[in-house]
Amino acid sequence: KSQNATDDLNEIINSGVDLNKSNVVVYKSDGKHNSISELNINGFFTVNTLSPASMGESSTLTQFLNYGFENYKADEISLVIWDHSENQLTLEEVSDALYNSQFKGENKLSWIGFDASFMASAEAACMLSDYADFLVASQEATTYFGWDYSFLKHLGISDTKVVLDELATAYSNACKTYFEALGIAESDTNISCI
């Protein structure tokens, strides 16, 4: 699982995101420390090291959200929650984390994405609609390698709907390539924007 996270971080580094127009900030844990890292032209660098805290606690997500709100001013802010069976946050805990953050009312997120399985549901859309304009998620299991983060090159230069279309297209194409290489013509892989 850690290799998948490393691969995703490398995809983000190599995505071509325009760092003059967008900030990419990651909250991660190595089991000993939690840290917040920011992407620059040389890769990710740590901007804040925090005491160990469970990534499965809503207060940990709230802490990250509020850090982002206070330290990165932007016209649009989005949140991606990455997980492949390790996250212990329930949908209600994600909602609680957002409720206790600065991202509500006039400060809604542009979109919330789940690079995780089985998160696109009417319940998720309703529960998170107070905190973001769009929900991006899969109704089925996501592939082990997760999203294709090449879509980040559109951040800051394209309309949100274009960014989300590029996200869905990049993920769908990556899945198609993967399954074709295995000789599988059809798969249950999907992604939606609600």
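Would you check which residues across the stretch 164-194 are part of a helix (DSSP H, G or I) and among the charged types (D, E, K, R) and list them?
ASP165, GLU166, LYS176, GLU180 - these are the residues of the stretch 164-194 that are part of a helix (DSSP H, G or I) and among the charged types (D, E, K, R).
With the condition kept exactly as written, say whether any residue in the stretch 15-22 is open to solvent by 50 Å² or more (accessible area, probe 1.4 Å), polar (S, T, N, Q) and assigned to a loop (DSSP other than H, G, I, E, B). If you could, list the steps in order and put the result at the bottom.
Restricting attention to the stretch 15-22, the residues satisfying the condition of being open to solvent by 50 Å² or more (accessible area, probe 1.4 Å) are 16, 19-21.
Checking the rest, the ones that are also polar (S, T, N, Q) come to 20.
Filter once more, keeping what is assigned to a loop (DSSP other than H, G, I, E, B): 20.
Yes; the residues of the stretch 15-22 include at least one that is open to solvent by 50 Å² or more (accessible area, probe 1.4 Å), polar (S, T, N, Q) and assigned to a loop (DSSP other than H, G, I, E, B).
I need a count of the residues in the stretch 24-56 that are in a loop (DSSP other than H, G, I, E, B), at pLDDT below 90 and either open to solvent by 30 Å² or more (accessible area, probe 1.4 Å) or of a type in the set (D, E, K, R) (or both).
Taking the stretch 24-56 as the starting set, the residues that turn out to be in a loop (DSSP other than H, G, I, E, B) are 24, 30-33, 41-42, 51-56.
Within this subset, residues satisfying the condition of being at pLDDT below 90 are 30-33, 51-56.
Among the residues that remain, those that are also either open to solvent by 30 Å² or more (accessible area, probe 1.4 Å) or of a type in the set (D, E, K, R) (or both) are: 30-33, 51-55.
Of the residues in the stretch 24-56, 9 are in a loop (DSSP other than H, G, I, E, B), at pLDDT below 90 and either open to solvent by 30 Å² or more (accessible area, probe 1.4 Å) or of a type in the set (D, E, K, R) (or both).
Those residues that are on the phi < 0 side of the Ramachandran plot, open to solvent by 20 Å² or more (accessible area, probe 1.4 Å) and either touching a strand residue (DSSP E or B) at 6+ places or on another chain (Cβ under 9 Å) or in a loop (DSSP other than H, G, I, E, B) (or both), I need them from the stretch 104-119; list them, please.
Answer for the stretch 104-119, where residues must be on the phi < 0 side of the Ramachandran plot, open to solvent by 20 Å² or more (accessible area, probe 1.4 Å) and either touching a strand residue (DSSP E or B) at 6+ places or on another chain (Cβ under 9 Å) or in a loop (DSSP other than H, G, I, E, B) (or both): LYS104, LYS108, SER117, MET119.
For the subset of the stretch 135-163 comprising residues that are outside any helix (DSSP H, G or I) and of a type in the set (Ser, Thr, Tyr), which member is modelled with the highest pLDDT? Before you say what the answer is, go through the steps one by one.
Initially, the stretch 135-163 is screened for residues outside any helix (DSSP H, G or I), giving 135-148, 155-159.
Going one step further and asking which of them are of a type in the set (Ser, Thr, Tyr), we end up with 138, 142-144, 158.
Details: SER138: 92, THR142: 84, THR143: 82, TYR144: 79, SER158: 89.
Result: SER138.
Checking GLU93 against (1) outside any strand (DSSP E or B); (2) modelled with pLDDT of 95 or more: exactly one of these is not met. Which one?
Condition not satisfied by GLU93: (2).
For the list (1) open to solvent by 60 Å² or more (accessible area, probe 1.4 Å); (2) in contact (Cβ under 8 Å) with a residue 40 or more places away in the chain; (3) not in a helix (DSSP H, G or I), I need the number of the one condition that SER59 fails.
(3)
Against the conditions (1) over 16 Å from the mean Cα position of the chain (by Cα); (2) surrounded by 13 or more Cβ atoms within 10 Å (Cβ to Cβ); (3) of a type outside the set (Gly, Ala, Ser); (4) over 22 Å from VAL163 (Cβ atoms), where does TYR72 fall short? Just the number, please.
Here TYR72 meets the rest and fails (4).
Against the definition (within 23 Å of ASN10 (Cβ to Cβ) and either modelled with pLDDT of 90 or more or out of contact with any Leu (no Cβ under 6 Å at 6 or more places or on another chain) (or both)), how does ILE77 come out, yes or no?
Here the answer is no, as ILE77 does not meet what is asked.
The values are calculated or read from the model by the stated rules, or taken from the named source; none is laboratory data. Computed from a predicted model, the values in this text were never measured in an experiment. In this analysis, Cβ positions are derived from the backbone assuming ideal geometry, glycine residues included, and neighbour counts consider all displayed protein chains. Heavy atoms of the whole protein, side chains included, go into the accessibility calculation; ligands, DNA and RNA do not. Shrake-Rupley method; radii C 1.70, N 1.55, O 1.52, S 1.80 Å.
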